[in-house]
Amino acid sequence: AVVSAPLKDKALFEIGAAVTVAHLKEPDFANTFKTNFNQLSAEYEMKMKQIWTSATTYSFDGPDYLVNFAAQNSMKVHGHTLLWYKSFPDWFINAAYDSLNFENNVKAYIQTVVGRYKGKIRSWDVANEIFADDGSLRIDASVYKTFKDPIGFYERCFQYARDTDPDAKLFYNDYDQVLNSAKRSSLKKMVERFRKEGYPIDGIGDQFHTTVWTDKATINIGLTDLASTGLLIHISELDIRVNQNKSDSYVFTDAEQQKQANMYKAIVEMYEALPQAQKFAITVWGITDKYSWLLSWWSPKEYPLLFNGDYSKKKAYEGFLSGL
Ligand code: XIL
């Protein structure tokens, strides 16, 4: 078999993958991760619901394990994610604080978590998915109803993170900013406001959960436009779906594998074309097709990642590599 270079050795930016503690305890998983990647995102364990177990208790076992694993293997860590409407713990939401109380609690959370990993977590998604698909704020999420000016709340949250670890790069993360111009223009307005009012933001993460049937030209236009902000750009949760109809009889043929490889290559090439100083990392949302979140969220016949279930490299891997 052809032995191709590890992705991390060829790239001039970090190559990340999302992992869980449980998966890292599988030796083949851990080895594949260490060999090919040099940045870690937590798929699960660094979300608020997992960490903030009650008003007076935090659970850091999972995040500590991940941060130690990364340190032992000379990897960077990307913290995902401080604020996400889907991940506020029930005990917190149910307490129904007023906005001042709400913010003071969130502030304490940010200070506790960012402070614990100061110098160990290089970058944070401070907020994830605050915009709906039409570009409006997700005020439907109960917590945001408490703020007259939610963007002001986010500005202050970025500031709390900055004050706690001045060296950490602070990102706003969302899906489809590249493809959805309404969402993108709301994001760009937010960035302008941060700048005008003097609040910190270093980068934008676009999740890039994408598909082989997505139009490449549209991706390129959106990516270039995102980069026009001058901020760091993180492809933060890349995976590429192949089973368009979610069909149970879908077969991942050679031709389908090649289509996916071409898409990986095209996306990596578009990222490579960005200004060097704005390239930060490309992170894939998992390692092996046998554990992708898309198996439950999209279809059990889905093959979105770079490695097969037996950890052999897919054509997708070669596509990614050849785009670097
Ligand atoms: C997903 C994980 O992959 C799942 O294992 C978990 O149950 C739910 O969250 N956008 C994000 C990620 O920002 O945090 C999500 O990850 C996928 C969509």
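The values are calculated or read from the model by the stated rules, or taken from the named source; none is laboratory data. Note that the coordinates shown come from a computational prediction; the quantities given were computed from them, not determined experimentally. Neighbour counts run over all protein chains shown; Cβ positions are idealised from the backbone, glycine included. Side chains included, ligands, DNA and RNA excluded: accessible areas come from the protein's heavy atoms. Shrake-Rupley method; radii C 1.70, N 1.55, O 1.52, S 1.80 Å.
What the table shows:
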read-out	value
Selected residue (only one of Asn31, Asn36, Asn73 is modelled with pLDDT of 95 or more and touching a Leu at 6+ places or on another chain (Cβ under 8 Å))	Asn36
Within region 203-232, tally of residues that are within 17 Å of Phe280 (Cβ to Cβ), touching a residue at least 40 places away in the same chain (Cβ under 8 Å) and within 16 Å of the ligand (Cβ to nearest atom)	4
Every residue from region 275-302 that is of a type outside the set (A, V, I, L, M) and open to solvent by 60 Å² or more (accessible area, probe 1.4 Å)	Pro275, Gln276, Lys290, Tyr291, Trp293, Ser296, Trp297, Pro300, Lys301
Filtered residue count, region 178-223, keeping only those that are open to solvent by less than 20 Å² (accessible area, probe 1.4 Å), over 20 Å from Lys279 (Cβ atoms) and in a helix (DSSP H, G or I)	3
Close pairs from region 161-175: first more than 11 Å from Gly79 (Cβ to Cβ), partner open to solvent by 60 Å² or more (accessible area, probe 1.4 Å) and at pLDDT 95 or above, Cβ under 6 Å, at least 6 apart	Thr164/Gln111
All positions within region 303-317 that are of a type outside the set (Ser, Thr, Tyr) and open to solvent by 50 Å² or more (accessible area, probe 1.4 Å)	Asn308, Asp310, Lys313, Lys315
Pair list, Cβ under 8 Å, 6 or more apart: region 296-318 residue free of Cβ contacts under 8 Å to residues at least 24 places away in the same chain, other residue surrounded by 18 or more Cβ atoms within 10 Å (Cβ to Cβ)	Asn308/Thr288; Asn308/Asp289; Asn308/Lys314; Gly309/Thr288; Gly309/Asp289
Selection from region 1-24 of residues that are outside any strand (DSSP E or B) and either within 16 Å of the ligand (Cβ to nearest atom) or surrounded by 13 or more Cβ atoms within 10 Å (Cβ to Cβ) (or both)	Ser4, Pro6, Leu7, Lys8, Lys10, Ala11, Phe13, Thr20, Val21, Ala22, His23, Leu24
Number of positions in region 99-136 that are more than 16 Å from the ligand (Cβ to nearest atom), surrounded by fewer than 17 Cβ atoms within 10 Å (Cβ to Cβ) and among the aliphatic types (A, V, I, L, M)	2
Conditions (1) out of contact with any helix residue (DSSP H, G or I) (no Cβ under 8 Å at 6 or more places or on another chain); (2) closer than 30 Å to Ser292 by Cα: number failed by Asp225	(1)
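This table checks each residue for (1) under 30 Å from Thr218 (Cα atoms); (2) among the small types (Gly, Ala, Ser); (3) within 16 Å of the ligand (Cβ to nearest atom).
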site	(1), (2), (3)
Lys145	no, no, no
Phe153	no, no, no
Thr164	no, no, no
Tyr175	yes, no, yes
Ser181	yes, yes, no
Arg184	yes, no, no
Met190	yes, no, no
